[in-house]
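What follows is a single structure, written as structure tokens, with notes after it.
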């Protein structure tokens, strides 16, 4: 993957991670309603940030 392709990927993954974070935040504000969804949303958020972190590492390695 080229540097430019990785930059595009990082931008996309950053948007996904930010959305997952906001979804988790919104869920927390609605508590106790929807408490059952906490583990699922937390896992989605963790995975999004893990993908973003890995892509950033790959980009830095090219830099």
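Anything in the range 26-63 that is surrounded by fewer than 10 Cβ atoms within 10 Å (Cβ to Cβ), under 28 Å from residue 9 (Cβ atoms) and touching a helix residue (DSSP H, G or I) at 6+ places or on another chain (Cβ under 9 Å)? List them, or say none.
63
For residues in the range 3-18 being farther than 13 Å from residue 56 by Cα and free of Cβ contacts under 8 Å to residues at least 12 places away in the same chain, which is surrounded by the fewest Cβ atoms within 10 Å (Cβ to Cβ)?
Only one residue tops the list, namely 15.
Values quoted throughout were computed directly from the atomic coordinates according to the rules given, and no laboratory measurement underlies them. This is a predicted model, so every value here is computed, not measured. All Cβ positions, even for glycine, are placed from backbone atoms using ideal geometry, and neighbour counts span all protein chains on display.
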